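Student: For reference, the structure I am asking about is given below.
Every read-out reported here was derived from the displayed coordinates using simple, explicitly stated rules and does not represent laboratory data. Because the structure is a prediction, the values reported are computed rather than measured. Virtual Cβ from ideal backbone geometry, glycine too; neighbours counted across all protein chains shown.
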Amino acid sequence: MGHIKHVIKRSGAIVPFNPDRIANAIYRAVVAVGGRDRARAEWLSGEVVKLLEETTPKGHNPSIEEIQDIVEKVLIENGHSKVAKAYILYRDENNRSRQEHARRSSKPSTNIPWSKIWHILDWAVSHNLHTIEAMNDRIANGEFPEIVHESETAYEQEIDNVVYMISEQRDDLKMVFISGPSSSGKTTTTTKLGERLKRIGLKLVALNVDNYFFDLEMHPKDEFGDYDFETPQALDLPLINQHLKELADGQEVLIPFYDFKTGKRILDQTPMKLAADEILLIDSLHGLYPDMTKGIPVEKQYKLYLEPLLQMKGTDDRYIRWTDLRLIRRMLRDAVHRAYNPQQTLEHWHYVRSSELRNIIPYIDTTDYIVNTAMPYEIALYRPRLLDKFTEWKESYKDDPLREDSLNRATRVYGFLQAVTPIEDDSPVPAGSVLREFIGGSCYTY
């Protein structure tokens with residue numbers, strides 16, 4: 001073992017030195033440029049550690065920046081200029097993100113068109129659902145069922161708008177992409193959209209892009225060693241793009257199959273071909289990612305983006321963050337469908353969010369329509385389900401410098417959950433609600 005035992009984070013916290021994180025970071029950069037050589041990434045990591053040990057005086061704890069400088073040096077000197085560029089760009093994106101975080105933390109998103117945000121805020125104000133206090137007053141007056149009905153009606157109208165726009169370009173359209181970040185409600189919205197399109201005579205064929213995952217052993221990992229399924233590079237993007245272009249041209253393709261139990265992909269399994277009157281329906285986290293659809297004529301595509309665009313202020317006069325709503329949703333869904341402890345979801349969320357900011361959010365302006373999947377009443381249902389957990393987490397993470405992100409999120413979510421009136425009876429929520437995807441009791445099979 002070398003003499004370096006600890007490193008200094010950007011916050012000033014001193015944490016144990018873990019060489020595996022260097023290997024994971026390098027491999028992520030390798031994957032970003034199309035490579036899959038994990039052994040080479042681990043060798044390069046070893047060279048970084050060796051140089052770090054040689055150049056770091058005994059008794060000195062190197063900073064994250066110092067380590068990253070050496071990573072760049074080793075990559076370039078060993079002939080990996082493309083990997084070095086990807087690593088540098090990723091590092092620069094993170095730095096800019098941190099610098100801008102304080103400025104944007106209390107401001108509305110600039111990625112969603114202002115007209116969309118204004119429309120949702122105007123709706124919230126007119127229904128007295130623009131603040132937690134206002135909603136609490138309505139709940140105190142026994143209006144929870146009415147709040148549910150109003151919220152669900154607004155969402156259903158969004159789906160009807162999409163159906164109308166798709167029907168207007170049905171003669172040229174060959175594929176519909178339903179995209180959005182984690183737990184934005186893609187599965188339920190895809191099902192609802194499919195039902196409505198069938199009613200107007202459109203035949204739909206679903207394509208599950210999960211079957212295009214690379215073998216698990218080829219996936220990059222995050223800084224804690226967890227496999228990263230959130231990055232678009234976890235998918236075989238060239239093969240997806242090839243198959244989509246061939247399907248759009250009326251050709252037959254053989255869809256692979258991914259076995260989640262074994263973490264292995266089997267190629268050329270299921271034949272697929274679109275008839276003249278059929279449309280491909282694709283529910284994908286990365287439906288807006290350019291490499292998935294490059295070369296496909298724009299008139300053959302319709303892109304839909306989902307986000308819970310809640311416009312509600314908490315008692316601190318700040319808007320509740322959309323990512324916090326999705327975090328709660330995923331906690332509930334993961335606990336039911338993936339046997340994940342909610343704490344695991346919280347600790348992994350920083351990685352989910354990082355991937356969203358790099359690979360999803362920048363492409364929102366390429367979408368044809370944005371659907372708001374937020375239900376203002378949902379936070380009232382979340383309080384009795386998770387408030388105790390967030391109360392516990394905001395205390396337990398205080399002395400753990402490796403979990404600063406988890407502490408910040410837990411503290412923030414606790415702040416608005418403890419302020420809302422709790423609702424334990426979810427019977428007013430329709431069985432077909434997008435919220436049932438997360439709280440259970442849906443009429444749809446997931």
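Student: If the reach is capped at under 22 angstrom between alpha carbons, list the lysines near Lys116, excluding any in the same chain fewer than eight residues apart.
Tutor: In chain and number order, the partners are Lys107, Lys186, Lys192, Lys303, Lys313.
Student: Please give the FRET efficiency for Asn78 paired with His3, using the beta carbon to beta carbon distance and R0 = 25 Å, rounded to the nearest 0.05.
Tutor: Given R0 = 25 Å and the Cβ-Cβ separation, E is 0.55.
Student: For Lys58, give me every one of the lysines with a C-alpha distance below 20 angstrom, ignoring sequence neighbours fewer than eight places off in its own chain.
Tutor: The qualifying lysines are Lys5, Lys9, Lys50.
Student: Rank Ala29, Ala134, Ala39 by mean-square fluctuation in a GNM of the chain with C-alpha springs under 10 angstrom and give only the top-ranked residue.
Tutor: Fluctuation is largest for Ala39.
Student: I would also like to ask the following. Taking GluC sites (Glu not before Pro) that fall in a DSSP loop and have at most 11 other Cβ atoms within 10 Å as cut points, what is the longest piece of the chain between them? Mind dumping the intermediate values first?
Tutor: Details: sites that count: Glu252, Glu424.
Longest stretch, sites excluded: 1-251.
Student: Using +1 at the C-beta of Lys and Arg and -1 at the C-beta of Asp and Glu, which of Thr131, Ser167, Leu327 has the Cα lying farthest in the positive direction of the dipole of the chain?
Tutor: Farthest towards the positive end: Leu327.
Student: Using θ = phi - 60° and the Karplus curve 6.51 cos²θ - 1.76 cosθ + 1.60, what whole-Hz ³J(HN,Hα) does each residue of the stretch 233-241 get, with Gly and Pro shown as x?
Tutor: Values, residue by residue: 6, 6, 9, 7, 4, x, 6, 4, 4 Hz.
Student: Additional query: What number, rounded to the nearest 500 deg cm²/dmol, is the helix-based mean residue ellipticity at 222 nm of the chain, given -39500 (n - 2.57) per DSSP H run of at least four residues and division by all its residues? Intermediate results must be reported in sequence, preceding the final value.
Tutor: Values: 15 runs with 218 residues, N = 446.
My calculation for the chain gives -16000 deg cm²/dmol from helical runs alone.
Student: Follow-up. To two decimal places, what compactness ratio does the stretch 217-321 give when its Cα radius of gyration is scaled by 2.2 N^0.38 Å? Display every interim value, and only then the final one.
Tutor: On the way: Rg = 18.2 Å, N = 105, 2.2 N^0.38 = 12.9 Å.
Against the empirical 2.2 N^0.38 Å value, I get 1.41 for the stretch 217-321.
Student: Name the residue, out of Arg385, Arg409, Arg329, whose mean-square fluctuation peaks in a Gaussian network model built on the chain with Cα pairs under 10 Å.
Tutor: Sorting by GNM fluctuation, first place goes to Arg385.
Student: Quote the FRET efficiency, to the nearest 0.05, computed for Glu246 versus Tyr444 with a Förster distance R0 of 22 Å and r equal to the Cβ-Cβ distance.
Tutor: 0.15
Student: Answer with one residue from Met375, Gln344, Gln301: the one whose Cα lies farthest towards the positive end of the charge dipole of the stretch 292-385, charges on Cβ with Lys, Arg +1 and Asp, Glu -1.
Tutor: Looking along the dipole axis, the top candidate is Gln344.
Student: Give the residue list of trypsin sites (Lys or Arg not before Pro) in the stretch 120-192 that are DSSP loop and have at most 15 other beta-carbon atoms within 10 angstrom. The partial results should precede the final answer.
Tutor: Working: sites: Arg138, Arg170, Lys174, Lys186, Lys192; in loops: Arg170, Lys174.
Qualifying residues, ordered by number: Arg170.
Student: Right, another one. Apply the a/c threshold of 1.5 to the C-alpha gyration tensor of the stretch 344-445 and tell me whether it is rounded, prolate or oblate.
Tutor: It is oblate, given that a/c is not under 1.5 and a/b is not larger than b/c.
Student: Once the other residues with Cβ under 10 Å from the Cβ of Leu75 are scored (Lys, Arg +1; Asp, Glu -1), what is the net sum?
Tutor: Values: positive: Lys73, Lys82, Lys85; negative: Glu47, Glu72, Glu77.
For residues surrounding Leu75, the net value is 0.
Student: Report the charge-dipole magnitude of the chain in Debye, nearest 20, computed about the Cα centre from +1 at each Lys and Arg Cβ and -1 at each Asp and Glu Cβ. Display every interim value, and only then the final one.
Tutor: Values: 57 positive and 68 negative charges, 130 e Å.
Roughly 620 debye, rounded to the nearest 20.
Student: Each label point is 7 Å from the Cα along the Cα-to-Cβ direction; what then is the distance between the points at Leu402 and Glu156, in nm?
Tutor: 4.9
Student: Taking Cα extents along the principal axes in Å as the quantity of interest, determine which of [x] 75, 55, 42; [y] 67, 57, 38; [z] 74, 67, 42 was computed from the displayed structure.
Tutor: This structure yields the entry labelled [y].
Student: Work out from phi, with θ = phi - 60° and the Karplus expression 6.51 cos²θ - 1.76 cosθ + 1.60, the ³J(HN,Hα) of each residue of the stretch 261-273, listed in order in whole Hz, and give x for Gly and Pro.
Tutor: Taking θ as phi minus 60°, the curve returns 6, 9, x, 10, 9, 10, 7, 6, 9, 10, x, 9, 8 Hz for the stretch 261-273.
Student: With a ≥ b ≥ c the root eigenvalues of the C-alpha gyration tensor of the stretch 329-389, is it rounded (a/c under 1.5), prolate (a/b larger than b/c) or oblate?
Tutor: On the way: a/c = 2.58, a/b = 1.45, b/c = 1.77.
Oblate.
Student: Moving on. Pick from Asp122, Asp291, Asp268: which is most flexible by mean-square fluctuation in a GNM of the chain where alpha carbon atoms under 10 Å apart are linked?
Tutor: Among Asp122, Asp291, Asp268, the largest GNM mean-square fluctuation belongs to Asp268.
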